[in-house]
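The values are calculated or read from the model by the stated rules, or taken from the named source; none is laboratory data. This is a predicted model, so every value here is computed, not measured. For neighbour counting, all protein chains shown are included, and Cβ atoms are generated from backbone atoms with ideal geometry for every residue, glycine included.
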Amino acid sequence: MPRKRQNLAIAEPSRPRATGRGRPPSIDSERLLAVARDVFLERGIRATTLEVAERAGVSEGVLFHRFKSKEGLFSAAMDFDGERFPHAILEAIESLDGLDVREAIVRVATRLLEVGRVALPILMLSWSNPQPCSGPIFDKKRHKFREVLKALAAYFERQMELGKLRRMDTELLARTLLGAVHHFAMTRILLEEGDGSLMPDGMFVRGLADLMLNGSVETHAVPPRHRRFAAR
């Protein structure tokens, strides 16, 4: 008997779809999203709706009936809220005052990576659907980016006023941090797990902080020795 019930449960979603206003698929949304979340965490953006459907034991039609697109399924499975993530970054930036500058850069870079783990695949999926980069939605996204950029630049400005950083272009510093984290996050998405090109997150954010604070030029270099003593 158990085997028979299992077969029926798997076979049921493959029935021909009813036309018109038929009864919606009888599958628990939370279970479906839990399966999708597992697949996306394992496979990342490479995961397909077919893989999710097969893991859940349903047809792709059931997925598209509920979520309309892979982007919609990913957003729901990863609990993506386009409004929440910019606020999370801004809150992280607001909490930096009082910290050592290196610790502050590490903290905000780490938060950006956490956000990027979910947000970047959503952006990549949306970019795959041809649409003009204009209109209210894109204007809102650009506004949020400028808000984050401005907040980060303001933080660096305060550190310069306190004498903790040398005077330089604060927007350039902010863009350097955001750009480096974005590149690293994109690389992490595109490369396979176990690829030798991947660097651990912690190593990256600490190295980025050191690079931004110390640069790559040796400022306390020992003057070159006279050639006469070079061989000694």
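Which one of ALA104, ALA77 is crowded, with 19+ Cβ neighbours inside 10 Å, at pLDDT 90 or above and aliphatic (A, V, I, L, M)?
Of ALA104, ALA77, the one residue that is crowded, with 19+ Cβ neighbours inside 10 Å, at pLDDT 90 or above and aliphatic (A, V, I, L, M) is ALA104.
For every residue, the table says whether it meets (1) closer than 21 Å to ASP79 by Cβ; (2) modelled with pLDDT of 75 or more; (3) out of contact with any Cys (no Cβ under 9 Å at 6 or more places or on another chain); (4) not in a helix (DSSP H, G or I).
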{"position": "PRO132", "(1), (2), (3), (4)": "no, no, yes, yes"}
{"position": "LYS141", "(1), (2), (3), (4)": "yes, no, yes, no"}
{"position": "PHE145", "(1), (2), (3), (4)": "no, yes, yes, no"}
{"position": "LYS150", "(1), (2), (3), (4)": "no, yes, yes, no"}
{"position": "ASP195", "(1), (2), (3), (4)": "no, no, yes, yes"}
{"position": "MET199", "(1), (2), (3), (4)": "no, yes, yes, yes"}
{"position": "LEU208", "(1), (2), (3), (4)": "no, yes, yes, no"}
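For every residue, the table says whether it meets (1) surrounded by 14 or more Cβ atoms within 10 Å (Cβ to Cβ); (2) of a type outside the set (A, V, I, L, M); (3) not assigned by TED's automatic domain parsing to the domain that holds ASP97.
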residue	(1), (2), (3)
ASP169	no, yes, no
LEU173	yes, no, no
GLY179	no, yes, no
ARG188	yes, yes, no
LEU191	no, no, no
SER197	no, yes, no
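Against the definition (of a type in the set (Phe, Trp, Tyr), more than 22 Å from the chain's Cα centre (by Cα) and outside any loop (DSSP other than H, G, I, E, B)), how does PHE40 come out, yes or no?
Spelling it out, it is not the case that PHE40 is of a type in the set (Phe, Trp, Tyr), more than 22 Å from the chain's Cα centre (by Cα) and outside any loop (DSSP other than H, G, I, E, B).
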